[in-house]
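What follows is a set of notes on a single structure, which appears directly below.
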Amino acid sequence: VEERKQAFFDFMDDYVRRENQRVLTLRAALTPLYEVARDGVSLSRVERETLDAIAVEYELDLASMSERDLTAELMLRVDQLPTSLVLAQAATESAWGTSRFARQANNLFGQWCFSEGCGVVPSRRAQGASHEVRAFASVEEAVRAYFHNLNTHDTYDYLRRLRSDMRRRDEPLD
């Protein structure tokens, strides 16, 4: 059992590290934009295009926010997740990669979708319910969607604020 658990963590670790690196690269591009906007200076056209692309990826309404507010909100959202958090969630939700959803749909995090045919229908879905467990083409896609969910959905705003506070205090993200 311990060997299987370790094998699952070893398998998942590469995906988590790659996604964290992708997010940190995006954050590195965002940071100077944040600093400029924070100082009250307008972004150039190229800078604004970069900012807009990041904002769209992180599901923010471009029209309703100033550059300063937009960059500040993105600094909360565009950040890595603790590997331990991601691995624990994947292990729990996928029964260490053995669940039907993990095997049939690469869904390691229990993410739902709400369009018919978007995933796998749970065998014990309540009468009248329409959700499915989302199907992913790859584990990489599932990990990216999990990061996106935690970094965009309102439910996880508290998590993002805790992470930001840890960054401000120069503490490791845990």
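The values are calculated or read from the model by the stated rules, or taken from the named source; none is laboratory data. Being a predicted model, the structure only gives us computed values, none of them experimental. Every residue, glycine as well, gets a Cβ built from its backbone with ideal geometry; the counts of neighbours run over all protein chains shown. For the accessible areas, the whole protein counts, side chains as well, though only heavy atoms, and no ligand, DNA or RNA atoms are used. Shrake-Rupley method; radii C 1.70, N 1.55, O 1.52, S 1.80 Å.
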By accessible area of protein heavy atoms, probe 1.4 Å, what ranking do 47, 59, 93 get, highest first? 59, 93, 47
Working out 0.36 nm times the residue gap between residue 100 and residue 166, then minus their Cα-Cα distance, what length gain in nm do you get to one decimal? 20.1 nm
Where in the range 63-89 does the amide nitrogen come within less than 16 Å of the point 7 Å from the Cα of residue 155, taken along Cα to Cβ? 86, 89
If every Lys and Arg gets +1 and every Asp and Glu gets -1 at its Cβ, then about the Cα centre the range 6-100 yields a dipole, in debye to the nearest 20, of 160
Could you compute how much accessible surface residue 170 exposes when probed at 1.4 Å, giving the result in Å² to the nearest 10? 140
Could you provide, to the nearest whole Å², the per residue accessible area of the chain with probe 1.4 Å? 58
For the residue pair residue 53 and residue 126, what label-to-label distance in nm results when each label sits 7 Å from Cα along the Cα-to-beta-carbon direction? 4.3
I want to verify a result. In a Gaussian network model of the chain, Cα cutoff 10 Å, which of these has the top mean-square fluctuation: 152, 25, 71? 25
Specify the longest stretch of the chain that does not include any exposed loop site, a site being one of the trypsin sites (Lys or Arg not before Pro) with a non-H, G, I, E, B DSSP assignment and at most 11 other Cβ atoms within 10 Å. 1-123
In the range 1-104 the accessible area split gives carbon plus sulfur, as whole percent at 1.4 Å, a share of 52
Can you pull the accessible area of residue 65 for me, 1.4 Å probe, Å² to the nearest 10? 50
Check residue 112: other-chain or 5+ apart residues with amide H under 5 Å from its amide H, H built from backbone geometry? 134
Take the alpha carbon gyration tensor of the range 63-124, find the square roots of its eigenvalues, order them as a ≥ b ≥ c, and report rounded if a/c is under 1.5; if not, report prolate when a/b exceeds b/c, else oblate. oblate
Connecting every pair of Cα atoms under 10 Å apart in the chain and solving the GNM, the largest mean-square fluctuation among 128, 110, 119 falls on 128
Value in Å of the Kirkwood radius, where the range 1-154 supplies the Cα pairs that are averaged: 17.2
